[in-house]
Structure formats: C-alpha cells, structure tokens
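Below: one structure, written as structure tokens.
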Amino acid sequence: MTAQGGDLLAWLETAITEREDAARLATQGVWRTHDTHLDLGGHTATVLVGERNDTELLAWLPTMSHAPWDEARNAWNNAEHIAANDPASVLRRCAADRKLLELHAQDSLPNGIDLDECRTCGGANEPWPCPTLLTLAEGYGWTEGER
C-alpha cells in the first residue's frame, strides 16, 4: 500500500467510523419537523421523533416570528436539514461510502505485490488513490493540504 493511499484510507476509515458512532449514539427513529406555536412567543421550528404521545423533542429552533413557517427565518431550513440527517440516513450513507472504499481499493497482483493503481479504475491507468477516493475524502473534509 502506498503511503499517500494508506494515509487517505486510514483517514477515511476514521472519518466514516466517527460519523457512524455519532449516528448510533443519537436518538433513533425517523426525525421530522414541526411548527410549534408558543402563543405570545411566536412560532418555533422543532425537530421531533416518534408519533403522537410518544413524541420526543430533539431540537428547538426559535424564530421570534409570529408567522407560521416564516421562510425569511432560517430556523425552518435548519430544522429540515437536521431532520434529513437522522441516524438511519447517516448510517446508510456511511455503508455506501464503505462500499466505495472497497470498490476503489488499491489493486494487487495474485502474488500480493501492490500495484500503484485502483482496482476499479486501474484499466484506465488511473493512479491510486483514484479520483473517486479523493472525491469521497473531500466530502468528509480531506483537504489539498493533507495530500
């Protein structure tokens, strides 16, 4: 395994594992948004999990607005973003990213000698780590300075 590729893989494994761990520790279930009216306090965007009497408040984002779903306030956009990233969604993304890691692993000869090319992209003489792995790493925060 080449040093650069090894560093990248180790870094990506850590980044994906950290996201998985955080998702597993978070409240499980389908997250949803809700507009809660607080009488004189106006409306607030909330993120909830559960149904009816079994609802748990996950996030409360005050808007200081008396208009329901006031689009000028970013609280509802933030609530929608939080709800869209519930633990199950994050774990699905991490599982898909792990499949990409496997697909784009460093290729090797049958005798175990590592080649300096991607298992999937190698036929195009694409060096390893390939652009797919580098792009995946960028999504987790890998920067040009770490290359």
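Since every read-out is calculated from the coordinates, none of them should be taken as a lab result. Please read these numbers as outputs of a predicted model, since none were measured by experiment. Reconstructed Cβ throughout: ideal geometry from the backbone, glycine too, with neighbour counts over all protein chains shown.
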- Total formal charge among the other residues, if their Cβ is under 12 angstrom from that of residue 128, Lys/Arg +1 and Asp/Glu -1: -4
- Item | Radius ratio Rg over Rh of the chain, counting only Cα atoms, Kirkwood formula for Rh | 1.19
- Note on the structure: Expected vector for the range 133-140, Karplus 3J(HN,Hα) from phi with 6.51, -1.76, 1.60 and θ = phi - 60°, integer Hz, x for Gly and Pro, equals 5, 5, 5, 4, 4, 4, x, 9
- Item | Per-residue ³J(HN,Hα) for the range 22-32, Karplus 6.51 cos²θ - 1.76 cosθ + 1.60, θ = phi - 60°, Hz, x for Gly and Pro | 4, 5, 5, 7, 6, 4, 7, x, 7, 8, 9
- Item | Residue-averaged [θ]222 nm for the chain, counting only DSSP H segments that reach four residues, each worth -39500 (n - 2.57) | -13000 deg cm²/dmol
- Item | Size of charge dipole - the chain - debye, nearest 20, with Cβ of Lys, Arg +1 and Asp, Glu -1, no other charges | 300 debye
- Note on the structure: Total charge of the residues flanking residue 117 in space, meaning their Cβ is under 14 Å from its Cβ, with Lys and Arg +1 and Asp and Glu -1, is -3
- Lone cysteines, the chain (no partner Cβ under 4.7 Å): 94
- Efficiency of FRET from Cβ geometry, residue 134 and residue 95, R₀ 25 Å, rounded to 0.05: 0.75
- What full-extension length gain, to one decimal in nm, is calculated for residue 10 and residue 84 as 0.36 nm per residue of separation minus the Cα-Cα distance? 23.9 nm
- Using alpha-carbon pairs under 8 Å, 6+ residues apart, how would you state the relative contact order of the chain in percent? 22 percent
- Longest principal axis of the chain (C-alpha) makes with the long axis of helix 75-84 (C-alpha) an angle, in degrees to the nearest 10, of 50 degrees
- What residues have an amide H closer than 5 Å to that of residue 108, excluding those fewer than 5 places away on the same chain, when H is modeled at 1.01 Å from N in the peptide plane? 115
- Message: I'd like the Karplus ³J(HN,Hα) series for the range 97-112: coefficients 6.51, -1.76, 1.60, θ = phi - 60°, whole numbers in Hz, and an x wherever there's a Gly or Pro.
- Response: 5, 5, 5, 5, 4, 5, 4, 10, 5, 5, 7, 9, 7, x, 7, x
